[in-house]
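Participant: What follows is a structure written as structure tokens; I'll ask about it next.
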Amino acid sequence: MEKKKILCLVDGEHYFPVTKSAIDKIESKGYDVKLLLFIGGTEKLRDNNVDVISDLFNKPVLFGEDHREIPYDLIGQSIIETGVDCVFDLSDEPVVNYSKRFKIATVVLQHGVTYKGPDFEFKPLKEYDVLENPSYKILGTGKRIGKTAVSAYTARLINKEDKYDPCIVAMGRGGPEVPEVVHGDEIKLTPQYLMEQSDKGRHAASDHWEDALMSRVLTVGCRRCAGGMAGQVYITNMVDGAKMTNDLNTNLVAIEGSGSAIPPIKTDKNIVLVGANQPIETLTEYFGPFRIKLADLIIITMCDEQICSKEKLDNLIEEIKIMNPNAEIIPTIFRPAPVENIENKNILFATTAPKSVQHLLKEYLEENFKCNVVAISSNLSNRPLLQEDIDKNIDKVDIMLTELKAAAVDVATKDALTKGLEVVYCDNIPIPINSEYDLDSAIMKIVHEAVDSFNS
């Protein structure tokens, strides 16, 4: 059996005989150490002659250009040149700290190998190559940043071109035990229909139902549990769901992530959503850069100044450009678009948007859809508080307008129908923050590149 090949990261803060004993221990366990890469530190580095050090360790040795800087690019280059299966980190403070280790981990995982240390191990994402049609993935840096809204928007946009028949495969924490096909292109998903599904025990506000309702295209619903630091899920039936698309009437597949979990399906292109409402360090540290570096197109959502200051947004865009200089970046806001006519009606609007933008949503709805917004509840993901908001306002309105997520069916829809109110669902439309950005063109560019990549 061939030994697993290892690249060891070492530093000049360790006495060489001590480092050599660690290398010997690694090899005694059946590993083949192919290279020692010095990533910094000089305290115990008595000799920096590569040939002398190589003779001491009886291994190839490599130094970066500056002992004060971790050679991240050289780590990636060395992984490629040595063909190793694992990078083992034998360095320590003060050469590395937590932040630098995450940067090393991002480089290592990008190259599809494992990053290990004495008490940690990060494994590369598993990706299954099962799709027989061009595809793109929509993944995010967190929950509640609009992945489903953007998935539905891209599908509607793509569906306008006669040559494409898109399909969305979504995985959610409330998804079905067996992957489920919903023909959003054929059936009308009424509130009554969704209530019937909910009464049967289904999570009728699961992502694939929202996709089907909002995109009006074919969807496949899957489930997943847990999400690792780099996005790996613990269990999912999405591989089976993705395979199902090979026998469906589609020629373009969108694979939709869940929270910050990344679908384990190989795709031709990636769209990454970044929430401007997230703490900046979540995006620029830890495994935020890992996700951002996967992107061919980056859509920043929640860019209302009430949620994200201009200074923070400008800083975020600059940081993203450094992390991923090749991806186009589109900053956006979300605005509601009812799927039915609500003109001249009194509205209770249930949403996951924060209270800070309620006045903007009210103005937008009233100006564009000629309705009267009596109240807005930002508690769609908090069932007890949503129930209070409904009880307080339901006798004052004609229509319950709601996003299709969280408690939209089993609380908002159920209570409204019980009271004899009409229920109308709404899309969340991503809108660029100014005319400098062309979101539709950016999306279609990714689609065409995905098709070209698949065909080549």
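Participant: Within the group Asp32, Asp47, Asp51, which residue is modelled with pLDDT under 80 and outside any helix (DSSP H, G or I)? Write out each step before concluding.
Facilitator: Values: Asp32 fails: modelled with pLDDT under 80; Asp51 fails: outside any helix (DSSP H, G or I).
After ruling out the rest, the residue left standing is Asp47.
Participant: Going by the structure shown, is Ile376 closer than 11 Å to Ile399 by Cα and touching a residue at least 12 places away in the same chain (Cβ under 8 Å)?
Facilitator: Values: closer than 11 Å to Ile399 by Cα: no; touching a residue at least 12 places away in the same chain (Cβ under 8 Å): yes.
Judged against the criteria, Ile376 is not a match.
Participant: Moving on to the next point. Could you list, ordered by first residue, the pairs with Cβ atoms under 6 Å in which the first is in the stretch 80-100 and farther than 13 Å from Gly41 by Cβ and the second is hydroxyl-bearing (Ser, Thr, Tyr), at least 6 apart or interchain?
Facilitator: Cys86/Thr114; Val87/Tyr115
Participant: If a residue has to be of a type in the set (Val, Ile, Thr), assigned to a strand (DSSP E or B) and out of contact with any Phe, Trp or Tyr (no Cβ under 8 Å at 6 or more places or on another chain) to count, how many in the stretch 88-139 make the cut?
Facilitator: Of the residues in the stretch 88-139, 1 are of a type in the set (Val, Ile, Thr), assigned to a strand (DSSP E or B) and out of contact with any Phe, Trp or Tyr (no Cβ under 8 Å at 6 or more places or on another chain).
Participant: Continuing with this model, one more query. Could you list, in sequence order, the residues of the stretch 324-347 that are in contact with a Lys or Arg (Cβ under 8 Å, 6 or more places away or on another chain), in a strand (DSSP E or B) and either open to solvent by less than 10 Å² (accessible area, probe 1.4 Å) or over 25 Å from Ala442 (Cα atoms) (or both)?
Facilitator: If the condition is that a residue be in contact with a Lys or Arg (Cβ under 8 Å, 6 or more places away or on another chain), in a strand (DSSP E or B) and either open to solvent by less than 10 Å² (accessible area, probe 1.4 Å) or over 25 Å from Ala442 (Cα atoms) (or both), then Asn346 is the only one that fits.
Participant: Is it the case that the stretch 146-153 has a residue that's under 24 Å from Ala226 (Cα atoms) and among the aromatic types (Phe, Trp, Tyr)?
Facilitator: No; the residues of the stretch 146-153 include none that is under 24 Å from Ala226 (Cα atoms) and among the aromatic types (Phe, Trp, Tyr).
Participant: Just to be sure, is Gly142 open to solvent by less than 40 Å² (accessible area, probe 1.4 Å), over 18 Å from Leu131 (Cα atoms), of a type outside the set (Ser, Thr, Tyr) and outside any helix (DSSP H, G or I)?
Facilitator: Values: open to solvent by less than 40 Å² (accessible area, probe 1.4 Å): yes; over 18 Å from Leu131 (Cα atoms): yes; of a type outside the set (Ser, Thr, Tyr): yes; outside any helix (DSSP H, G or I): yes.
Against the criterion (open to solvent by less than 40 Å² (accessible area, probe 1.4 Å), over 18 Å from Leu131 (Cα atoms), of a type outside the set (Ser, Thr, Tyr) and outside any helix (DSSP H, G or I)), Gly142 qualifies.
Participant: Could you grab me the full set of residues in the stretch 224-280 that are modelled with pLDDT of 95 or more, surrounded by fewer than 24 Cβ atoms within 10 Å (Cβ to Cβ) and part of a helix (DSSP H, G or I)?
Facilitator: Passing the criteria: Val239, Asp240, Lys243, Met244, Asn246, Asp247.
Participant: Considering the stretch 281-323 alone, what residues qualify as being open to solvent by less than 20 Å² (accessible area, probe 1.4 Å) and either on the phi > 0 side of the Ramachandran plot or of a type in the set (Lys, Arg) (or both)?
Facilitator: Correct list: Arg291 only.
Participant: Still on this structure, I have one more. Thr190 - would you say it is of a type in the set (S, T, N, Q), modelled with pLDDT of 85 or more and closer than 29 Å to Leu421 by Cα? Let's see the steps before the verdict.
Facilitator: Working: of a type in the set (S, T, N, Q): yes; modelled with pLDDT of 85 or more: no; closer than 29 Å to Leu421 by Cα: yes.
It is false that Thr190 is of a type in the set (S, T, N, Q), modelled with pLDDT of 85 or more and closer than 29 Å to Leu421 by Cα.
Participant: Is it true that some residue in the stretch 357-374 is under 21 Å from the mean Cα position of the chain (by Cα), of a type outside the set (A, V, I, L, M, F, W, C) and surrounded by 14 or more Cβ atoms within 10 Å (Cβ to Cβ)? Write out each step before concluding.
Facilitator: We begin by selecting, within the stretch 357-374, every residue under 21 Å from the mean Cα position of the chain (by Cα); these are none.
No, the stretch 357-374 contains no residue that is under 21 Å from the mean Cα position of the chain (by Cα), of a type outside the set (A, V, I, L, M, F, W, C) and surrounded by 14 or more Cβ atoms within 10 Å (Cβ to Cβ).
Participant: Let me ask something else about it. Scan the stretch 432-451 and tell me whether some residue there is farther than 30 Å from Val253 by Cβ, touching a helix residue (DSSP H, G or I) at 6+ places or on another chain (Cβ under 7 Å) and modelled with pLDDT of 85 or more.
Facilitator: Of the residues in the stretch 432-451, the ones farther than 30 Å from Val253 by Cβ are 434-436.
Subset that is touching a helix residue (DSSP H, G or I) at 6+ places or on another chain (Cβ under 7 Å): none.
No, the stretch 432-451 has no match at all.
Participant: May I ask you to list the residues in the stretch 54-94 that are acidic (Asp, Glu), open to solvent by 60 Å² or more (accessible area, probe 1.4 Å) and modelled with pLDDT of 90 or more? If you could, list the steps in order and put the result at the bottom.
Facilitator: First pass over the stretch 54-94, keeping only residues acidic (Asp, Glu): 55, 65-66, 69, 73, 81, 85, 89, 92-93.
Checking which are open to solvent by 60 Å² or more (accessible area, probe 1.4 Å) leaves us with 55, 65, 69, 73, 81, 85, 92-93.
Asp73, Glu81, Asp85, Asp92, Glu93, listed by residue number.
The values are calculated or read from the model by the stated rules, or taken from the named source; none is laboratory data. Just so it is clear, the model here is predicted, and its values are computed rather than measured. All Cβ positions, even for glycine, are placed from backbone atoms using ideal geometry, and neighbour counts span all protein chains on display. The accessibility values were calculated without ligands, DNA or RNA, using every heavy atom of the protein model including side chains. Shrake-Rupley method; radii C 1.70, N 1.55, O 1.52, S 1.80 Å.
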